[in-house]
Amino acid sequence: MAMALGNAYRSIDGDLEPCNVEIVQKLVSGGIADVWFARSRRDGSHFVVKYSHDIALQNAYIYGQFEREFECSKFIDLAQLPNIMPRIHAFGVDDLGHAYLYETYFDGIGLDEIIADDWSWNAMRPILAQIIASMHAFHAIGIVHRDVKPSNILISRRYFSSPSHPPDIRFIDFSLALIDGTPHPSQTAFCAYGTPMYGSPEQALGQKATKASDWYSLGISLYEWITGHVPFHDEDPERLLHIQVEKHPEPPAYCHVEGLPDWVVDATMGLLAKSPQDRTKSCDRFLELSR
């Protein structure tokens, strides 16, 4: 594999030099980057290297996404909140002009896979409590994710073989996040970022995202778990943005979840209110799970 990792980088871990990381195998290929499994030649610890495609060359917007993830990791480190996202150790641009990140490897299963398996309320409740606690924690220090969705939430694989301990979860992909209400300079706060299927009405209108926007996205994810499908779908992303603004979701006609209390359904529908202010009571209901 042709990776020319150079020295134009910034690091949290001063000992993690590019020459000390061995690339092992590709894990996934995304729209703007490949993700590789790697190990440290120094101590054998495992890492993930996120490495941009050629489309990112001289692309300030894509470079900005990589840098924003690195900045969020530093911000979370300073707040001493170790279990919010996989720790990103370094951000840089290599000799070929590709952006890259080194982050700690987290062996997790996506919430999207768990949702697809129709987990019961009793099984999902501890996972949901940890998700809410983590989201509340990064909101409390001034981070708004702007792309909360099931595939961006990982649950430690170890939990499924040893569920006697609370699940360990991580949010991933903070590339579009706001820090203290401010976007990366290459982005804008007033833009419909994220994934249209899970994005909030205010984001679809080009308004500034807030923590209530992340709660809306979590509400879409919960609706998908409860019913087996998202409330709104359209192959055209532009039409889907209009639907998020104009259409109210139908109350679940059928519940896929065994033992689900009525209040969870009601609170989920409350998170899908068009006005951010109208989501407050439902946010408070769910926050009780994490206390």
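The values are calculated or read from the model by the stated rules, or taken from the named source; none is laboratory data. Note that this is a predicted model, so its numbers are computed, not measured. Using ideal geometry, Cβ is built from the backbone for each residue, glycine included, and neighbour counts are taken over all protein chains shown. With ligands, DNA and RNA removed, areas are computed over all heavy atoms of the protein, side chains included. Shrake-Rupley method; radii C 1.70, N 1.55, O 1.52, S 1.80 Å.
Can you go through S213, S200, S161, S156 and tell me which one is closer than 21 Å to I88 by Cβ and among the small types (G, A, S)?
Only one candidate qualifies: S156.
Is it true that V35 is of a type in the set (A, V, I, L, M, F, W, C), under 30 Å from A129 (Cβ atoms) and open to solvent by 20 Å² or more (accessible area, probe 1.4 Å)?
Taking the combined requirement at face value, the residue satisfies it.
I127 - would you say it is in contact with a strand residue (DSSP E or B) (Cβ under 7 Å, 6 or more places away or on another chain) and crowded, with 22+ Cβ neighbours inside 10 Å? I'd like the intermediate steps shown before the answer.
Numbers: in contact with a strand residue (DSSP E or B) (Cβ under 7 Å, 6 or more places away or on another chain): yes; crowded, with 22+ Cβ neighbours inside 10 Å: no.
Against the criterion (in contact with a strand residue (DSSP E or B) (Cβ under 7 Å, 6 or more places away or on another chain) and crowded, with 22+ Cβ neighbours inside 10 Å), I127 does not qualify.
Being under 24 Å from the mean Cα position of the chain (by Cα) and either in contact (Cβ under 8 Å) with a residue 24 or more places away in the chain or surrounded by fewer than 12 Cβ atoms within 10 Å (Cβ to Cβ) (or both) is the filter here, so list the residues in region 240-268 that pass it.
Listed by number, the residues that qualify are L240, L241, H242, Q244, V245, P249, V257, V264, V265, T268.
Take the residues in region 136-195 that are open to solvent by less than 40 Å² (accessible area, probe 1.4 Å) and of a type in the set (F, W, Y), then tell me which one is nearest to E288 (Cα to Cα).
So the residue we want is F138.
Yes/no matrix, rows are residues, columns are (1) open to solvent by 30 Å² or more (accessible area, probe 1.4 Å); (2) at pLDDT 95 or above; (3) closer than 14 Å to Y51 by Cβ; (4) touching a helix residue (DSSP H, G or I) at 6+ places or on another chain (Cβ under 9 Å):
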position: G64; (1), (2), (3), (4): no, no, no, no
position: C72; (1), (2), (3), (4): no, yes, no, yes
position: I76; (1), (2), (3), (4): no, yes, no, yes
position: L81; (1), (2), (3), (4): yes, no, no, yes
position: L101; (1), (2), (3), (4): no, no, yes, yes
position: D118; (1), (2), (3), (4): yes, no, no, yes
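Take the residues of region 208-239 that are closer than 19 Å to R146 by Cβ and polar (S, T, N, Q): which is farthest from the chain's Cα centre (by Cα)?
T210
Suppose we keep only residues that are of a type in the set (V, I, T) and not in a loop (DSSP other than H, G, I, E, B) within region 62-107. Which one would you say is nearest to G31 (Cα to Cα)? Can you show your working first?
First, pick out the residues of region 62-107 that are of a type in the set (V, I, T): 62, 76, 84, 88, 93, 104.
Within this subset, residues satisfying the condition of being not in a loop (DSSP other than H, G, I, E, B) are 62, 76, 88, 93, 104.
Details: I62: 11, I76: 26, I88: 20, V93: 18, T104: 21 Å.
Checking each candidate, the answer is I62.
Could you tell me whether any residue of region 218-225 is open to solvent by less than 40 Å² (accessible area, probe 1.4 Å) and among the small types (G, A, S)?
Checked against the condition, which is being open to solvent by less than 40 Å² (accessible area, probe 1.4 Å) and among the small types (G, A, S), region 218-225 yields at least one hit.
Mind checking which residues of region 24-61 are part of a helix (DSSP H, G or I) and of a type in the set (G, A, S)?
A56, A60
Within region 130-144, count every residue that is outside any helix (DSSP H, G or I) and over 17 Å from R87 (Cβ atoms).
2
Among helices (runs of 4 or more DSSP H) lying entirely in region 173-291, which contain 1 or more residues that are in contact with a Lys or Arg (Cβ under 9 Å, 6 or more places away or on another chain) and under 28 Å from N122 (Cβ atoms)?
On the way: elements: 201-204, 211-227, 237-246, 262-271, 280-287.
Output list reads 211-227, 262-271, 280-287.
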